[in-house]
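The values are calculated or read from the model by the stated rules, or taken from the named source; none is laboratory data. For clarity, every value in this text was computed on a predicted model and none was experimentally measured. In this analysis, Cβ positions are derived from the backbone assuming ideal geometry, glycine residues included, and neighbour counts consider all displayed protein chains. SASA here: full protein model, heavy atoms, side chains in, ligands and nucleic acids out. Shrake-Rupley method; radii C 1.70, N 1.55, O 1.52, S 1.80 Å.
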Amino acid sequence: MLFAIEVFLLRVYMTIFKYVVMVLPYKWPTTFDGAGSAKDLCKHIAEQKHKKVLIVTDSMLVQLGLVDPIKTELEAQGVAGVIYDGVKPDPTVDQIEAGFDIYKAEGCDGLLAIGGGSSIDAAKIIGARAKNNKPIRKMAGLFRVFRGMAPLYAVPTTAGTGSEVTIAAVVSDPEAQRKLPVMDLNLMPTACALDGTLMTGLPAPITSATGMDALTHAVEAYISRAANSKTDALAIEATQMIMANLATAVEDGANVEARQAMTSASSKAGRAFTQAGVGYVHAIAHNFGALYHTPHGLANAIVMPYVLDYSLPKCAGRLADLARACDIGSGSDEERAKAFVARIREMNEKFGIPTRLDALKADDIPQIAKAALQEARFTYAVPRYLNRKGCEALVAQMLPA
């Protein structure tokens, strides 16, 4: 009875939240799309009269030679670039503070993120620290970046997070063993470049995991009760593009057409979930990352089928819509919905993504469930709510055999 009352109150709250989100003044980034668009972005940065920007990236991209050509182009446009390559997967509070120290010491007036979601998220919080005199932990949650963010430009090198077009960033807090989602309109990048040629050298496992991350964004946005006609159109298109191109991008990494399609799909999915939100897949995956450092895309891919199985009774029609859009299955809505979830499982198997998480420990499940439910409660308009016992049982299905 108490759970039913809580669900009713959450539904009322999230319905109000949905309509508030629809009228928020989103400032979508100027987007340069296509091969070579990273150069166009460099020119745009110069046109904004920047003198020196902090290039936020990771050491692997520097070693692979992806950062230097962009830095060189930037400097040819008259803008100095200072590289901070200390970002690791699931960036921590300390990594962001280290980047912020360099930003201040070098007198930077903007940021350029080059990399996956970790680099872009780290750059967002560095930019927020530059404008807000408060610790990162005090900015966690909804709309707490009161004074804005230093100008941020983004060049994603993976097609997954969509962080270049979102108002969210996720920071790891190792001391508390948790993720800190920071969500604020002020975290939207100023401009971005969607350049699929930068992704042609990505290994297959990274391509598949990040691609499934983008699919998670599209699916969770579509089945969210906060979805609207605009997010629906973006989520359906993103899902279609991912279903049509991800396998090719995994199997033939040099296929620029597939890479560019995945880059575009990731961005569309990012725009969709920026307004519609995500759900329990992300809430649980965030905690796998916090406890076990599981890469976010991989965690989403593992969790997604289990959450969709649970949610299906309350969103069969919505999942059937996605199935029809991708020509998956036949028959009733329930049959189509089940076929869609089955297709996701088939994709995971094809890409070598496990059905269970080897690092997961039974003793950790109560902590994971508590944190996941807390994250989702007033943030995600999920189609079907979980209680503590149900969440623990769902997570337990992913224990290693």
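Tabulated results
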| read-out | value |
| --- | --- |
| Residue in segment 255-272 that is of a type in the set (A, V, I, L, M), in contact with a Phe, Trp or Tyr (Cβ under 6 Å, 6 or more places away or on another chain) and closer than 28 Å to Leu357 by Cα present | no |
| Scan of segment 181-233 for residues that are among the β-branched types (Val, Ile, Thr), in a helix (DSSP H, G or I) and under 24 Å from Ala35 (Cβ atoms), ordered by number | Thr197, Ile206, Thr207, Thr210 |
| Matching entry among Val82, Val56, Val62 (being open to solvent by less than 60 Å² (accessible area, probe 1.4 Å) and either touching a residue at least 60 places away in the same chain (Cβ under 8 Å) or under 27 Å from Lys138 (Cα atoms) (or both)) | Val56 |
| Scan of segment 376-395 for residues that are under 23 Å from Ala140 (Cα atoms), of a type in the set (A, V, I, L, M) and part of a loop (DSSP other than H, G, I, E, B), ordered by number | Ala381, Val382 |
| Residue in segment 16-34 that is part of a helix (DSSP H, G or I), touching a strand residue (DSSP E or B) at 6+ places or on another chain (Cβ under 8 Å), surrounded by fewer than 15 Cβ atoms within 10 Å (Cβ to Cβ) and not β-branched (Val, Ile, Thr) present | no |
| Subset of segment 192-206 (residues that are buried (at least 20 other Cβ atoms within 10 Å of the Cβ), touching an Asp or Glu at 6+ places or on another chain (Cβ under 9 Å) and of a type outside the set (D, E, K, R)) | Cys192, Ala193, Leu194, Gly196 |
| Some residue of segment 142-150 being within 15 Å of Ser119 (Cβ to Cβ) and open to solvent by less than 20 Å² (accessible area, probe 1.4 Å) | no |
| Considering residues of segment 211-235 that are among the small types (Gly, Ala, Ser) and without any contact (Cβ under 8 Å) to a residue 40 or more places away in the chain only, the residue most open to solvent (accessible area, probe 1.4 Å) | Ser229 |
| Some residue of segment 311-329 being under 19 Å from Gln397 (Cβ atoms) and open to solvent by 20 Å² or more (accessible area, probe 1.4 Å) | yes |
| Failed item in (1) more than 25 Å from Ala226 (Cα to Cα); (2) of a type in the set (A, V, I, L, M); (3) in a loop (DSSP other than H, G, I, E, B); (4) touching a residue at least 60 places away in the same chain (Cβ under 8 Å), with Met347 passing the rest | (3) |
| The lone exception for Ala76 - which of (1) open to solvent by 60 Å² or more (accessible area, probe 1.4 Å); (2) within 20 Å of Asn287 (Cα to Cα) it fails | (2) |
| In segment 356-365, the residues that are assigned to a loop (DSSP other than H, G, I, E, B) and open to solvent by 60 Å² or more (accessible area, probe 1.4 Å) | Arg356, Asp358, Lys361 |
| Matching residues, segment 366-382, being open to solvent by less than 10 Å² (accessible area, probe 1.4 Å) and out of contact with any His (no Cβ under 9 Å at 6 or more places or on another chain) | Ile368, Ala369, Ala381, Val382 |
| Every pair of residues 6+ apart whose Cβ atoms lie under 8 Å, when the first sits in segment 154-177 and is open to solvent by 10 Å² or more (accessible area, probe 1.4 Å) while the second is at pLDDT below 95 and of a type in the set (Phe, Trp, Tyr) | Ile167/Tyr26 |
| Single residue of Ala272, Ala283, Ala265, Ala238 found to be in contact with a Ser or Thr (Cβ under 7 Å, 6 or more places away or on another chain), at pLDDT 95 or above and either of a type in the set (Asp, Glu) or crowded, with 24+ Cβ neighbours inside 10 Å (or both) | Ala272 |
| Residue within segment 84-93 that is under 28 Å from Ala272 (Cβ atoms) and touching a Phe, Trp or Tyr at 6+ places or on another chain (Cβ under 8 Å) present | no |
